[in-house]
Amino acid sequence: MCHSVAASKRRWPIPICARCETTAMPSHLPELDTLGPGDRGVKIGIVDGTPDLSLASLAAARLEIETTMRIAEAHGPDPHGTEICSLLFDEAHGLASGCSGLVLPVFFPDSRPSHEAPRATQTDLARAIYMAVERGAQIVNVSAGQLSATTEASRHLEDALKLCERKGVLVVAAAGNDGCACLHVPAAVHSVLAVGAMDADGRPLASSNFGASYAFNGILAPGGSLVVTTIGGEIVARSGSSFATAVVSGVAARMLSAARREGAEIGPLDIRKILIETARPCDPQADGECARILAGRLDLSAAIERLRQFLEPEPEGAFSLAESEDDQAGSKPMIREPMSVRPSAARMPPIGRSNGVGGVAQSDCGCGCGGKKKARQQQEELLEEEMPEDEENGAVDTMADGDGFDEVDDGGDVGEDDEVGQSARQSRQLRPGRFARRRATMGRIATIAQSGVTQQGCGCGGQKEPQKVYALGSVWFDFGNEARYDAIVQRIGDPVAANTPTALIDMLSNDLPFATGITFILMQEQIPIYAISPAGPFAQEVYRDLLDAMRTSLDETGDLQRVAMPGYVAGSTRLMNGQVLPVIYPDPRGLAKWTAPELVTAAKAAIGAEDMDSGPIFNFLVRVYDELRNLGISPEERAINFAATNAYQGASVFADGLNRGLELYGITVARSPICRPDSDCWDVQVTMFDAENERRAARVYRFTVDVSEVLPVTVGAGRSWSVPLSALAPVGMVA
């Protein structure tokens, strides 16, 4: 989402590093120096292409690549991803220099000749955002998007953005470079901070998008002729909303770093609110078409001044902040009331105690030739402090596993869903300046010595735990590439038979080794979400289960056939149509499959009503399937998917509900208040109600699920109780 600008049109002088005889980049926003250096405890997720980490300017950056999303056949690093990372993490002049970065590659250069930029789907973006939240990112930079007529995102992307809002993670996305009153997703989603591009004089670029949605959640930021480093170390100038987005992400990271050093309980979503509220609004007489200005221009001085008000003592009762519930990746929005802005004409003194290290000031060289760079790095390491871990173990009450449901006579609490943009939690008054001193965590970053033409591993010198997944869907297949397709055709002896599912399944069942030559895929609503790669000593059994699932999907009720797929995600693969999918290595212990007729029969048997009409049961299944369209990455999704699978296998929940004449109202999940040590427990509640009698009490069924391992397990016995219909929260997945 950028276009090149000729070097002759650059606005900034580009000084020459005499010691290295190479071109050095200027500081883009020197005002950020007043905030002090970036904090390594602040992590930015970069949803983009794979950067060239062999660059000298990125060699010491705290950058790591999410290796579970790599693709084996990717050809070299991505220029766009490299330039975005350069703008943020360049050792000497990166806007977020000192912060940590997590690259989540979704754009992969294709070996096939093409003049188009790499493309990804909204599902790819959703998966990357989920991964970023799971890996502890507080800010997610999405310098990409899809042109859209509305602000609505796909189901998976919408769920991912809602997860960020609940967790207090700031998503910053590009408004687009179509130069029209048109929207891009995810930038157009109201919870996202959308960013358009302006030049050094504050004029919006002609290519920068605008629209009604952006007038509320968008700001303009510098995005014209920004000097960055691209593949091979070449210094280039780039323009576009992609780079303006990275500028805002860098600003947010530095502001969050300053707040963390002062111990201020200010989260990423509070930074978003500050940036929007302090943005310099449109002047109709000077600017003309105000729609192009979005909600305003980034006013860094005003934003820093607003932040300073929270970090210095003020009169009591000046501000109202709300408590933060989730400290894993950020906090809920705490700033509730608009505050007066006192723009400062002069640069304010550095926030917090001085440590002698400039945030983005130019270093002596910064190009890998020695000089003061090594001494400065040593000084940074000596000055950085440790932060005590604040994770808490759950309660030690151990619950026995059990089946069925225990009746609870009295009413039970039903968890309320978080409304978008709202908080139902009580607020408390905090006095600016009365914050306990927090200290940043310290870790040693290993030297990155891998070649830039392949994706890099973990930059921290060790291996991360692979991403656990528990996903539901239907199974189908893809040939992967032409060579694999030709191998199947030659083996079966007939190209028509090779493209006939029944004939292909029969051939693979009788000649199982050839099943390794196709790519099994897990689909939701005919959309592939994962590739499946059986491995280990029980791979043969898994292949047979997958083929059997494909065969049953061809039956009359095959559209209601589902497979539960627990496992680990590692790497990606490309389908014949060019789509890139992450690969699941399934755990055969939890692999489960079922069909609608089997569930109907089990439900009737459970309530002793073999003559019951099957229509209501089928309708119930369709409703539940719609509730479970997720990627199965977050702990909440893994818990809800496993609980639903467990209910299917026992047919207990919907059998009991249907016997009472109830229909599904919704499925919610919330962290369990009681859990075993070293576990990750979630309470899943299935709520059913009488659609024809609103005065009748609803029925709630609750499971507690531990998702600390790849194979989730239920904890304790399932329980059920009645609750007034008026007390139910709005339908949603997470309470």
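The values are calculated or read from the model by the stated rules, or taken from the named source; none is laboratory data. Just so it is clear, the model here is predicted, and its values are computed rather than measured. Methodologically, a virtual Cβ is constructed for each residue, glycine included, from the backbone with ideal geometry; neighbour enumeration extends over all protein chains shown.
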Restricting to the range 516-550, give me the number of residues that are in a loop (DSSP other than H, G, I, E, B) and more than 31 Å from the chain's Cα centre (by Cα). 2
From the options T67, T50, residue that is of a type in the set (S, T, Y) and surrounded by fewer than 24 Cβ atoms within 10 Å (Cβ to Cβ): T67
Per-region count, the range 280-327, residues at pLDDT below 75, among the aromatic types (F, W, Y) and surrounded by 20 or more Cβ atoms within 10 Å (Cβ to Cβ): 0
Filter result (surrounded by fewer than 15 Cβ atoms within 10 Å (Cβ to Cβ) and of a type in the set (A, V, I, L, M, F, W, C)) within the range 591-635: A605, A609, V622
Does the range 226-234 include one or more residues that are in contact with a Pro (Cβ under 6 Å, 6 or more places away or on another chain), closer than 25 Å to E152 by Cβ and among the aliphatic types (A, V, I, L, M)? no
Report every pair of residues separated by at least 6 positions or lying on different chains whose Cβ atoms are under 6 Å apart, first residue within the range 160-186 and surrounded by fewer than 24 Cβ atoms within 10 Å (Cβ to Cβ), second of a type in the set (F, W, Y). A181/F210
Report, by residue number, each residue of the range 210-221 that is surrounded by 17 or more Cβ atoms within 10 Å (Cβ to Cβ) and either modelled with pLDDT of 95 or more or of a type in the set (F, W, Y) (or both). F210, Y214, N217, G218, I219, L220, A221
Could you list, in sequence order, all residues of the range 120-165 that are within 11 Å of the chain's Cα centre (by Cα) and of a type in the set (K, R)? R127, R135, K162
From the set of residues in the range 694-712 that are among the charged types (D, E, K, R) and in a loop (DSSP other than H, G, I, E, B), which is modelled with the lowest pLDDT? E694
Being buried (at least 18 other Cβ atoms within 10 Å of the Cβ), farther than 22 Å from K162 by Cβ and touching a residue at least 24 places away in the same chain (Cβ under 8 Å) narrows R638, R699 down to just R699
Taking the range 494-515 as the region of interest, how many residues are within 21 Å of Q579 (Cβ to Cβ) and outside any helix (DSSP H, G or I)? 1
Residues of the range 225-261 being in a loop (DSSP other than H, G, I, E, B) and buried (at least 24 other Cβ atoms within 10 Å of the Cβ), which ones? G240
